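Asks: Mind looking over this structure? Questions follow.
The values are calculated or read from the model by the stated rules, or taken from the named source; none is laboratory data. All figures in this text were calculated on a predicted structure; none of them were measured in a lab. Here the Cβ positions follow ideal geometry from the backbone for every residue, glycine too, while neighbour counts run over all protein chains shown.
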Amino acid sequence: MDKGVADEVEFWDYTNERAMHYLSNGVLRVTFFNEKDVKAYFDRYGYPDLFINHGREGLPIAQYLKGRCFRVHVPALKSGLSRKDNYGADCYLVDTEEFLDDRSMMYIPVVNTARICPADCDKKRDFVYLAANYHGKRHDIVVKAVRETDLTGHFHPVGPSELDLSNTKIATSAWNEADVVELLRTSRLAVYPADDASSPAAMWECVAAGLPIVMNENIRGGKHLVVPGVTGEFASEKNFYQVIRYVLANLDSYRPRQYFEEHWDTVATIEKYLAFFRQMGWSY
């Protein structure tokens, strides 16, 4: 919208409560109960010119829109899908080179770099992990790695009783109990121990905030975020503690924010996406 490419932008999601309101950036956020709701919305307001679907939940709508608009699908995580190749859209944004083909490009989450940026302030903890506690996020790897050590950390959003944090110096906060930007600015590095997960925006926000990231080498997607020695390091489950220690000892040698700005600038990333969509047949 700032560049004049779009007149209206809407963010859709499924929740237990229908709602509609404008965000501060001018995007209209709309929440639906189910696919029937979305189709009724089409009947009332028409079809979008460009539809970008993230994850498996909205794929049926993307398929329904065939021939009605240009459709982009971001698979995000391939596990559990009936087939591994890209399907159900006109082109794709994928988070691992394994799934690149002639109708896809690598997925880079768009980050608000004006708000999420490094800050010259006191650091309150060694590491932060932004991920809810559920299958695949593997908080247990970090807990095991730092138990009975002096490393300090913070899990968000995680309830205090969800994990056994005895003999650790890990704090927690649930939704709306802590400001994410403040957590990033007051941490030295970020960890992402997940294995059965891929490329959430939170990882990219950490790097944009100037935090090198220690990432599980077995993560399913998003490895292109970590450039060893620059934006962070890969670690195995067995040596996660040692890699955290190594990065902490060499913080000044990493330049995550600089690399982010040079390669994943917000506007430049969006422009690359739009150029790719046009190449794939979007008639803007």
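Asks: Between a residue in segment 5-31 that is in the same structural domain as PRO48 (by TED's automatic domain parsing) and surrounded by 11 or more Cβ atoms within 10 Å (Cβ to Cβ) and any residue that is among the aromatic types (Phe, Trp, Tyr) and in a strand (DSSP E or B), which pairs come within a Cβ distance under 6 Å, given they are 6 or more apart or on different chains?
Replies: Correct list of pairs: TYR14/PHE32; VAL27/PHE11; LEU28/TYR22; ARG29/PHE11; VAL30/TRP12.
Asks: Still on this structure, please answer the following. Considering every residue within segment 182-197, establish whether at least one is under 30 Å from ALA275 (Cα atoms) and crowded, with 22+ Cβ neighbours inside 10 Å.
Replies: Here is the first cut: in segment 182-197, the ones under 30 Å from ALA275 (Cα atoms) are 197.
Among the residues that remain, those that are also crowded, with 22+ Cβ neighbours inside 10 Å are: 197.
Scanning segment 182-197, I find at least one residue that is under 30 Å from ALA275 (Cα atoms) and crowded, with 22+ Cβ neighbours inside 10 Å, so the answer is yes.
Asks: Further question: Could you identify the single residue in GLU205, GLU182, GLU261, GLU233 that is without any contact (Cβ under 8 Å) to a residue 24 or more places away in the chain, outside any loop (DSSP other than H, G, I, E, B) and in contact with a helix residue (DSSP H, G or I) (Cβ under 9 Å, 6 or more places away or on another chain)? Quick ask: steps written out before the conclusion?
Replies: On the way: GLU205 fails: without any contact (Cβ under 8 Å) to a residue 24 or more places away in the chain; GLU182 fails: in contact with a helix residue (DSSP H, G or I) (Cβ under 9 Å, 6 or more places away or on another chain); GLU261 fails: without any contact (Cβ under 8 Å) to a residue 24 or more places away in the chain.
Just a single option satisfies the conditions, and that option is GLU233.
Asks: I'm told ALA76 meets every condition in (1) touching a Gly at 6+ places or on another chain (Cβ under 6 Å); (2) of a type in the set (Gly, Ala, Ser); (3) assigned to a loop (DSSP other than H, G, I, E, B); (4) free of Cβ contacts under 8 Å to residues at least 60 places away in the same chain except one. Can you identify the failing condition by its number?
Replies: Here ALA76 meets the rest and fails (4).
Asks: List every residue pair whose Cβ atoms sit under 6 Å apart, with the two residues 6 or more apart in sequence or on different chains, where the first one lies in segment 214-226 and is farther than 16 Å from VAL247 by Cα and the second, anywhere, is of a type in the set (S, T, N, Q).
Replies: What qualifies is ARG220/SER198; GLY221/THR96; GLY221/SER198; GLY221/SER199; GLY222/SER198; GLY222/SER199.
Asks: Hey, another quick one. Does segment 270-280 include one or more residues that are assigned to a loop (DSSP other than H, G, I, E, B), more than 20 Å from ALA208 (Cβ to Cβ) and modelled with pLDDT under 95? Reasoning before the result, please.
Replies: Of the residues in segment 270-280, the ones assigned to a loop (DSSP other than H, G, I, E, B) are 280.
With the extra rule that they be more than 20 Å from ALA208 (Cβ to Cβ), the set shrinks to 280.
Still in the running and modelled with pLDDT under 95: none.
No - not one qualifying residue is present in segment 270-280.
Asks: VAL267 - would you say it is in contact with a strand residue (DSSP E or B) (Cβ under 8 Å, 6 or more places away or on another chain), more than 20 Å from ASP140 (Cα to Cα), in contact (Cβ under 8 Å) with a residue 24 or more places away in the chain and in a helix (DSSP H, G or I)?
Replies: Taking the combined requirement at face value, the residue does not satisfy it.
Asks: Show me the strands (runs of 3 or more DSSP E) found entirely inside segment 83-167 where at least 1 residues are closer than 21 Å to LEU248 by Cα, touching a helix residue (DSSP H, G or I) at 6+ places or on another chain (Cβ under 9 Å) and of a type in the set (D, E, K, R).
Replies: Numbers: elements: 91-94, 104-106, 125-130, 152-156.
So the answer is 125-130.
Asks: On the basis of being modelled with pLDDT of 95 or more, surrounded by 16 or more Cβ atoms within 10 Å (Cβ to Cβ), outside the structural domain of ARG103 (by TED's automatic domain parsing) and among the basic types (Lys, Arg), does ARG220 make the cut? Give the derivation first.
Replies: Values: modelled with pLDDT of 95 or more: no; surrounded by 16 or more Cβ atoms within 10 Å (Cβ to Cβ): yes; outside the structural domain of ARG103 (by TED's automatic domain parsing): yes; among the basic types (Lys, Arg): yes.
No.
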